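What follows is a set of notes on a single structure, which appears directly below.
The values are calculated or read from the model by the stated rules, or taken from the named source; none is laboratory data. The structure presented is a predicted model; accordingly, all values stated were derived computationally and were not measured. All Cβ positions, glycine included, derive from the backbone under ideal geometry; neighbour counts span all protein chains shown.
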Amino acid sequence: MKKNQRIYLDYNATTPCDPRVVEAMLPFFTTMSGNAASRSHPYGWEAEEAVAHARGQIASLIGAEEKEIVFTSGATEGDNLALKGVYEMYRRKGNHIITVETEHKAVLDTCLHIEKIGGEVTYLKVDEAGLIDLGALKAAIKETTVLVAIMWANNETGVIQPMSEIGKICEEEGVLLFSDATQAVGKIPTNPKEHGIHLMAFTAHKMYGPKGVGALFVNRKRPRVKLTAQIAGGGHEEGMRSGTLNVPGIVGFGKAAEIAKAEMETEAIRVGQLRNKLEKALVAEIEECKINGSIENRLPQVSNLSFRHVDSEGLLMTFNQNIAVATGSACTSASMDPSHVLTAMGLAEDLAKSSIRFSLGRFTTEEEIDFTIEKVKAGTVQLRDLSPVWEMFKEGLL
Ligand SMILES: *Cc1c(COP(=O)(O)O)cnc(C)c1O
């Protein structure tokens, strides 16, 4: 391992484009640069055909129909469109939405907005494994409930919610179910129809496609879900999302979906083995190193670990920029807030601030994992040797 080598273990933040995806996209920047809405010449027809092909590739990955795929700029937009679009469309039926404390900010901030304009939102709690309580979900549904919004897999911990059971409850109660499946699509099988999910948001750049393009699945039959468009204009995407389609991005997204469908199963095994190797070594060889979140119900590529009395930002410094990982904190202005996901799971603030998310992917090698294990071990020892708090903890004074 070279001194200035960089190891990328932040695949949950974004993935590099697969070279096969880039290759598929390239002609659509230059020779085939038409607008998919241009009906009067071959440039437009080519682009329209390419978009239709990509729509098919994406629909096929999730077992949907092509008309059920609405292209967006990403999962943030998909989350906004699903929540605001349903809220506005079904406003006369009710104003109540149910979601979870550990959702992505794109969902939580949209819910805050909906509360400001007259909506009512219930935020379900999670247990220490990061899972919701199905009884609490059922009890929260009432006459005015129009939508339940629960993410398929968490971006910080990889914890997978029981989507089938959630879907059954929503079906029985007659409410719509939306899932932000951004981290799950392309990593594990995610067929919304098999789980009673009516709306599902995801994005290309978390599955080896380009940034700035995503999709919202919108169920068309039994029930036919309607949305109030959030971006008005030319009436693209069945009137649900106007704006000239990002043709190269959509072509890349389609290719990424095709690759994911073909390789997901073997990739999950390979990446899962590397994740387990990393996790087992760190938990076994570092004192007070603990896994955050359910071990059984988890994506294969993520490991969220806390290292008691080690500041995760400090630990990052010891990596000398050799390893790219995410800490459990989010920088909001000048202060470091502990992760809302980890604190919702009951972690004390200091433990949340001692957490690191390792997320692996398609291009992660065993050599990189071995190097990372050594770096993390050395870093925790170095920091704890200097730490009076750790010394007190060891002497049983804390
Ligand atoms: C990354 C992510 C998003 C945001 O996706 P963008 O395409 O970057 O807008 C939303 N939800 C989850 C769970 C994510 O991991």
field: When residues of region 103-115 are limited to those that are in contact with a strand residue (DSSP E or B) (Cβ under 8 Å, 6 or more places away or on another chain) and under 20 Å from VAL175 (Cβ atoms), the one farthest from the ligand (Cβ to nearest atom)
entry: GLU115
- line: Among ILE98, ILE132, the single one that is farther than 23 Å from GLY239 by Cα, more than 16 Å from the ligand (Cβ to nearest atom) and not polar (S, T, N, Q) is ILE98
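Only one residue in THR122, THR144, THR157 is β-branched (Val, Ile, Thr), in the same structural domain as HIS96 (by TED's automatic domain parsing) and surrounded by fewer than 18 Cβ atoms within 10 Å (Cβ to Cβ), so which one is that?
Sole residue among the options that is β-branched (Val, Ile, Thr), in the same structural domain as HIS96 (by TED's automatic domain parsing) and surrounded by fewer than 18 Cβ atoms within 10 Å (Cβ to Cβ): THR144.
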task: State all residues of region 158-186 that are more than 11 Å from the ligand (Cβ to nearest atom) and either assigned to a loop (DSSP other than H, G, I, E, B) or basic (Lys, Arg) (or both); if no residue qualifies, say none.
output: GLN161, PRO162, LYS168, GLY174, VAL175, GLY186
message: From the list LYS221, LYS277, LYS193, exactly one residue is out of contact with any Ser or Thr (no Cβ under 8 Å at 6 or more places or on another chain), free of Cβ contacts under 8 Å to residues at least 24 places away in the same chain and surrounded by fewer than 21 Cβ atoms within 10 Å (Cβ to Cβ). Which is it?
response: LYS221
- request: Could you grab the pairs with beta carbons closer than 6 Å, sequence gap of 6+ or different chains, first residue in region 49-61 and assigned by TED's automatic domain parsing to the domain that holds GLY34, second one β-branched (Val, Ile, Thr) and modelled with pLDDT under 95?
  value: none
- prompt: Quick check: is even one residue across region 14-27 surrounded by 14 or more Cβ atoms within 10 Å (Cβ to Cβ) and in contact with a Leu (Cβ under 9 Å, 6 or more places away or on another chain)?
  reply: no
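Going through GLY235, GLY239 one at a time, which residue ends up being over 20 Å from the mean Cα position of the chain (by Cα), at pLDDT below 95 and under 19 Å from ALA75 (Cα atoms)?
Result: GLY239 is the single residue among GLY235, GLY239 that is over 20 Å from the mean Cα position of the chain (by Cα), at pLDDT below 95 and under 19 Å from ALA75 (Cα atoms).
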message: For region 37-81, which positions are within 21 Å of the chain's Cα centre (by Cα), away from the ligand (no atom under 16 Å from the Cβ) and acidic (Asp, Glu)?
response: GLU68
- request: Could you identify the single residue in VAL302, VAL283 that is in contact (Cβ under 8 Å) with a residue 24 or more places away in the chain and β-branched (Val, Ile, Thr)?
  value: VAL302
task: With the condition kept exactly as written, say whether any residue in region 295-307 is at positive phi and not assigned by TED's automatic domain parsing to the domain that holds ALA129.
output: no
field: Members of region 116-125 found to be part of a helix (DSSP H, G or I) and either within 20 Å of the chain's Cα centre (by Cα) or within 16 Å of the ligand (Cβ to nearest atom) (or both), listed by number
entry: none
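Just the residues that are more than 15 Å from the ligand (Cβ to nearest atom) and over 20 Å from ARG222 (Cβ atoms), please, taken from region 187-201. Walk me through it before giving the result.
Here is the first cut: in region 187-201, the residues more than 15 Å from the ligand (Cβ to nearest atom) are 189, 191-196, 198.
The answer is PRO189, and nothing else.
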- prompt: Can you name every residue in region 172-204 that is more than 19 Å from GLU103 (Cβ to Cβ) and under 12 Å from the mean Cα position of the chain (by Cα)?
  reply: GLY186, ALA204
message: Go through (1) exposed (fewer than 15 other Cβ atoms within 10 Å of the Cβ); (2) not in a loop (DSSP other than H, G, I, E, B) for ILE250 and report which single condition fails.
response: (1)
- prompt: Would you pick out the residues in region 201-218 that are in a strand (DSSP E or B) and either surrounded by fewer than 20 Cβ atoms within 10 Å (Cβ to Cβ) or at positive phi (or both)?
  reply: none
